[in-house]
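One structure is given below, encoded as structure tokens.
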Amino acid sequence: MATRPSEITIIGGGVVGLSVALGLLQARRRVTVLDGSDGDFRASQGNFGLVWLQGKGADFAPYADWTRDAVAAWPGFAAMLEELSGTGLALDQSGGFEVFTDRAELEDFSAALERQQAHLGNRFSHEIVAADDLRRMHPGIGPGVVGATFCALDGHVNPLRLLRALRSAVSALGGRILSGAQVSDIAAATGGGFDLSLRDGRRLGAERVVLCAGLGTTPLATQLGFVTRVRPQRGELLITERLADRLPFLSSTIRQVDEGGVQIGGTKADVGPDDSETLGMMATLARHAVTVFPALADVRVVRAWGALRVMSPDGYPVYARSPRHPGAYLVTCHSGVTLAPLHATALAEWIDETSNAPDLEAFDENRFALSDAA
Amino acid sequence: MKIASRFLTRPDAAGAVHLTVDGEPVTARPGDTVAAALLAHSGDASRQSGKGAPRTAFCMMGICFDCLVEVDGRPNSQGCMIPVRAGMVLRRQRGLRPLAGGGEDA
Ligand SMILES: Cc1cc2nc3c(=O)[nH]c(=O)nc-3n(C[C@H](O)[C@H](O)[C@H](O)COP(=O)(O)OP(=O)(O)OC[C@H]3O[C@@H](n4cnc5c(N)ncnc54)[C@H](O)[C@@H]3O)c2cc1C
Ligand code: FES
């Protein structure tokens, strides 16, 4: 007997797909999440865990606004998610630094923050901190640091617990999560809805589909007539042994996780579908960390890994409805941790097409259509 | 000196290596790892985790990090990966290591 298709099928069970699923479940939709396999690239399992506003959307006001709203929504979102899942997220939003060892980079970034400030007005504030002031504030900061910027709204969360909490919350609200469910083909069904073929031969029906498949998005997006193509960007990370002491600051490249280890990250490389870590980058990261905070020289790294960011052509989120196939949606972004609270509320309303759904036109994929055709 | 352990060592010890654990003399066999020597000495916990739970070597092959111990002033050393040396000073760890005081790089 054929099972009744669920109202909304989400393809991809990373942070983005699960956040959307959570929001739709809270709006009382029936939701199925089809998630691929452990062999897939999964940004949600290898990221840095920042809940970060500083610098975001300096050159694209809608993204500055969206991120500002997401950061403001995090405390309530975390409380709700912790309650639903019974998992602590270790959210800490007590402010963060961008620390610089290069004067020109500091100046460029300060200028970007001015542009972001102009977009956000009194909904944002930032400081440029001179190196000596920074060392007075945090005496452990090394002499190689030339200055920093600070935003009191920045913070971090435990990203693996976020993923786990989202999975349990989705299940707790009656959502179905199917693992090992690799969608290989998707087509509009005669009479409405969609037919999905899974790699293992299973076929499933869906009334509406939301494509949130991270780096697996492009082939399915193409089949649905979307023009967005995502590309991988590799980031490498280190984590040290756990420490009894707390580092006195959070930065976008050095963050002490709640369990005590110090995570070091922030590299960017366009190397295609390859998430391996490299000795060169490990050394660069370690050197950076010791320059910023020399006491770390003595602390051992216990693990290094690479993970691939999911990047749209301009790096900003894409929230698109298929013009050709009503009921098909494309959702992809970088910074899916930071944006999770809005994906579970405003974006879910937009997918659900409720009357109070926000206008997300700025994030439509029509911004790529011209360059794509050229 | 050996105190009651649940672990048996093979009887063919050729020579002995003398070290200390928390100041107490311990005899090990040449070629033993620090973790093997600690298990043979007493099957007691060789450290306390960050949350105060008792731990001792588990996998004996460098994977689980449950065998962490301070070796010659260096905390968080993997006992199962380090052979014993005469005169080694071992300390059981209580909780996580501090930021300062990681010892010299070997
Ligand atoms: C190194 C690094 C650091 C980062 N740091 C931060 C940070 O500090 N803060 C922040 O906010 N963001 C950060 N990010 C970004 C964040 O991790 C991503 O935006 C987010 O994880 C993307 O989630 P996702 O669900 O879109 O993708 P993924 O986590 O990749 O999930 C996609 C899912 O889709 C599944 N899938 C793929 N193809 C198919 C298919 N055909 N059928 C079914 N399922 C499929 C996969 O199995 C996978 O589970 C970082 C990313 C990286 C790589
Ligand atoms: S006993 Fe497992 S790492 Fe040493």
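The values are calculated or read from the model by the stated rules, or taken from the named source; none is laboratory data. On a predicted model such as this, the values are computed, not experimentally measured, just so you know. Here the Cβ positions follow ideal geometry from the backbone for every residue, glycine too, while neighbour counts run over all protein chains shown. The accessibility values were calculated without ligands, DNA or RNA, using every heavy atom of the protein model including side chains. Shrake-Rupley method; radii C 1.70, N 1.55, O 1.52, S 1.80 Å.
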Across all directions of projection, what mean area in square nanometres is found for the Cα convex hull of the protein assembly as shown? 28.0 nm²
Magnitude of the Cβ-charge dipole (Lys and Arg +1, Asp and Glu -1) of the range B:17-94 about the Cα centre, nearest 20 debye, reported as 180 debye
Grab the beta carbon distance between A:Arg287 and B:Asp44, set R0 = 41 Å, and tell me the FRET efficiency rounded to 0.05. 0.50
Would you mind telling me the antiparallel percentage of the DSSP bridges in the protein assembly as shown, rounded to 5? 75 percent
Dipole size in debye (nearest 20) for chain A around its Cα centre, Lys and Arg Cβ +1, Asp and Glu Cβ -1? 880 debye
Using the membrane-span-like helix rule (whole DSSP H runs, Cα extent along the own axis of at least 27 Å, mean Kyte-Doolittle hydropathy at least 0.0), which helices of chain A qualify? A:61-85
Accessible area of B:Met61, 1.4 Å probe, to the nearest 10 Å²? 130 Å²
Using label points projected 7 Å from each Cα along Cα→Cβ, tell me how many nm separate A:Arg203 and A:Asp132, to one decimal. 7.5 nm
Along the Cα→Cβ direction, 7 angstrom out, place labels at B:Val89 and B:Lys51. What is the inter-label distance in nm? 3.3 nm
With N residues in the range A:231-311, Rg(alpha-carbon) / (2.2 N^0.38 Å) equals 1.09
Please give the calculated 222 nm ellipticity per residue for chain B, where each DSSP H segment of at least 4 residues contributes -39500 (n - 2.57) and the sum is spread over every residue; nearest 500 deg cm²/dmol? -2000 deg cm²/dmol
Protection proxy ranking of B:77-87, A:350-360 - average other beta-carbon atoms within 10 Å, highest first: B:77-87, A:350-360
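Provide the per residue accessible area, probe 1.4 Å, for the protein assembly as shown, rounded to a whole number of square angstrom.
45 Å²
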Compute the distance in nm between two label points, each set 7 Å from the Cα along the Cα-to-Cβ direction, one at A:Leu178 and one at A:Asp274. 3.5 nm
What would the Debye equation give as log₁₀ I(q)/I(0) for the range B:17-94 at q = 0.15, 0.19, 0.20, 0.25 Å⁻¹, counting only Cα atoms as equal point scatterers? -0.41, -0.67, -0.75, -1.21
Debye, to nearest 20: dipole size of the range A:96-152, +1 on Lys, Arg Cβ, -1 on Asp, Glu Cβ: 180 debye
